[in-house]
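Below: the structure, in structure tokens.
The values are calculated or read from the model by the stated rules, or taken from the named source; none is laboratory data. All values reported here derive from a predicted model rather than from experimental measurement. Using ideal geometry, Cβ is built from the backbone for each residue, glycine included, and neighbour counts are taken over all protein chains shown. With ligands, DNA and RNA removed, areas are computed over all heavy atoms of the protein, side chains included. Shrake-Rupley method; radii C 1.70, N 1.55, O 1.52, S 1.80 Å.
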Amino acid sequence: MHDALEAAQAACDRAPKASDAWWLLGRISRHTGMPAASDEAFRRASQLDARFAWPHRVSAERFRRLIDEATAALGPDARRRLEPTTIRVQPLPTVDQVRSGVDPDALTFRERAAHDLLVLFQVNHENRSASEEALRALVNRSLSRS
């Protein structure tokens, strides 16, 4: 991750108007535990290109309530599929999860080994949502597809 952070920062330094580079720097900075730098990079990306909306951040408690609301709103078939599943929230995929093949930008991770576990990655949902409504819709899609 450190090498990726250096490369993304170098890309921003070489091309300060490259919104994609700033967006990448925002994602990598978040993964390396630098949320203020991450938000600044996301801000720069959104100022340079309207395709990149500023991520909508919520508390862990609010994110859990969005999951609970989405679960309650699922249709009977989807709710039945999720019934035996434990739903857990993580901010981001761990280093070990990434090393085992989980995409660092994944929205969810499903583990069916000893028990049925569905992990929702809060920060990755927020990074793709410019508003509470967009975040709610993305959480709904993540649960209905799982």
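For the condition at pLDDT below 95, open to solvent by 70 Å² or more (accessible area, probe 1.4 Å) and under 13 Å from the mean Cα position of the chain (by Cα), what is the one hit in Arg128, Arg112, Arg145, Arg99?
Arg128
So Ala50 fits all but one of (1) over 29 Å from Leu118 (Cβ atoms); (2) crowded, with 16+ Cβ neighbours inside 10 Å; what number is the exception?
(2)
For region 70-129, which residues satisfy the criterion of being touching a residue at least 24 places away in the same chain (Cβ under 8 Å) and polar (S, T, N, Q)?
Thr71, Thr85, Thr86, Gln90, Thr108, Gln122, Asn124, Asn127, Ser129
Is there any pair with a first residue in region 52-63 that is touching a residue at least 24 places away in the same chain (Cβ under 8 Å) and under 12 Å from Ser129 (Cβ atoms) and a second that is outside any helix (DSSP H, G or I) and among the basic types (Lys, Arg) whose Cβ atoms are under 7 Å apart and which are 6 or more apart or on different chains, and what are they?
none
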